[in-house]
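Read through the structure below, which is laid out as structure tokens, and then see the notes.
The values are calculated or read from the model by the stated rules, or taken from the named source; none is laboratory data. Here the structure is a predicted model, which means the values were calculated and not measured. Here the Cβ positions follow ideal geometry from the backbone for every residue, glycine too, while neighbour counts run over all protein chains shown. Ligands, DNA and RNA are stripped out before the accessible areas are found, and what is left, the full protein with its side chains, is counted by its heavy atoms. Shrake-Rupley method; radii C 1.70, N 1.55, O 1.52, S 1.80 Å.
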Amino acid sequence: MSSPEDRPRSPYDRRTTVIARTVTRLVVPITLMTAVALLLQGHNLPGGGFIGGVLTVAAFVLVYVIFGVEYLVDTVNASGDRLVGAYRALFAFGLAVALVSGLVPMVLGGEFLTQAVFFIHDLPLYSELEVATALAFDLGVYLTVVGALLVIIAEVGYE
Amino acid sequence: MAEAAAAVTATGIVALLTSGALVLSALLTLFVGYRVIRGPTTPDRVVALDTVATNIVAIAVLYAVLTGQGFFVDVSLVLAIIGFLTTIAVARYVTDGDIIE
């Protein structure tokens, strides 16, 4: 790692072109927003936890490919092992969320993974909000997919 | 969102033009497939595969316009992002030899 004075502009601007870096800065937020939109509409439209997670990982892969594997590690100011450990924890947390979202209906007297839809009326600004309990399971799937794929990508990147 | 879009199908000149564009895109994808299989060098295949991805995005959007089924736009959005990422990854592989460094 060079000293801060003789860095060109960013230590990660190595072999990628300025076109690739600019397009990445534009595309990554759009990709993440699309991923969240697909996650939220997944209970009654195409989308859901899996494709939302895959798109989130696609944004991460774009950052990894263009800026290198050290960029994310230096940005969050942690070691690579700790970052992979955080991905593993995300994977485990997602599995736990999915399992708990399946077990909660059993506590309330239903079958495993029973889902319901609530409509909250008379809200300010929204007036009516649709709350689907399938979103909790979708969130678990999302976190599991993001964690698992990021562990794979990061481990392959460090090879 | 989907129930509002389900009723709007293209009619008249729009339907004609959209159908023509669909046939054109499908034929183009077929011809580009020849370049994917025969293409003498790897960059030929990469450009051809990128064109296939772009054409599939176009076909999805045109089909959404023709039938009024809005979720095909979601399909095209996801396909466009994945196709873009794939092209960048393969280009890195061809030029540098490793994708993530």
*Nearest 20 debye, what's the magnitude of the dipole of region A:18-157 about its Cα centre given +1 on Lys and Arg Cβ and -1 on Asp and Glu Cβ?*
380
*How are the Cα pair distances of the protein assembly as shown distributed, in percent, across 5 Å bins from 0?*
1, 5, 9, 12, 14, 14, 13, 11, 9, 6, 4, 1, 0, 0
*Using θ = phi - 60° and the Karplus curve 6.51 cos²θ - 1.76 cosθ + 1.60, what whole-Hz ³J(HN,Hα) does each residue of region B:21-32 get, with Gly and Pro shown as x?*
5, 4, 4, 4, 5, 5, 5, 4, 4, 4, 5, 5
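Stokes-Einstein diffusion coefficient for region B:2-96 at 20 °C in a medium of 1.002 mPa s, Rh from the Kirkwood formula over Cα pairs: what value in µm²/s? Numbers along the way, then the final one.
Working: Rh = 14.5 Å.
D = 147 µm²/s.
Ranked highest first by average number of other Cβ atoms within 10 Å, how do A:135-141, B:33-39 line up?
Values: A:135-141: 20.9, B:33-39: 13.0.
Top to bottom by mean Cβ count within 10 Å: A:135-141, B:33-39.
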_Among B:48, B:23, B:58 the positive-end extreme of the charge dipole of chain B (Cβ point charges)_ = B:23
*Convert each backbone phi in region B:53-69 into a coupling constant with the Karplus relation 6.51 cos²θ - 1.76 cosθ + 1.60 (shift: θ = phi - 60°), then list the ³J(HN,Hα) values in order as whole Hz, x for Gly and Pro.*
4, 4, 5, 5, 4, 4, 5, 5, 5, 5, 5, 5, 5, 5, 9, x, 8
_Residue-by-residue Karplus 3J(HN,Hα) for region A:64-80, coefficients 6.51, -1.76, 1.60, Hz, glycine and proline x_ = 4, 5, 7, 9, x, 6, 7, 4, 5, 4, 6, 5, 8, 6, 9, 7, x
*Taking the convex hull of the alpha carbon atoms in region A:29-150, what volume per residue do you get, in Å³?*
132
*Mind checking region A:12-85 for trypsin sites (Lys or Arg not before Pro) that DSSP puts in a loop (not H, G, I, E or B) and that have at most 16 other Cβ atoms within 10 Å?*
A:14, A:15
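Could you tell me the relative contact order of chain B? Use alpha-carbon pairs under 8 Å, at least six residues apart, and round to a whole percent.
On the way: 100 pairs, mean separation 31.9, N = 101.
Computed over chain B, the figure is 32 percent.
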*Within the set of other residues whose C-beta is less than 10 Å from the C-beta of residue A:73, count the net charge using Lys and Arg as +1 and Asp and Glu as -1.*
-2
*Keeping all protein chains in position, work out how much accessible area residue B:87 exposes to a 1.4 Å probe, and write it in Å² to the nearest 10.*
40
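Assign unit charges at the C-beta atoms only (+1 for Lys and Arg, -1 for Asp and Glu), then state the dipole size of region B:2-96 relative to its Cα centre in Debye, rounded to the nearest 20. Working shown, then result.
Numbers: 4 positive and 5 negative charges, 61 e Å.
Around 300 debye, computed over region B:2-96.
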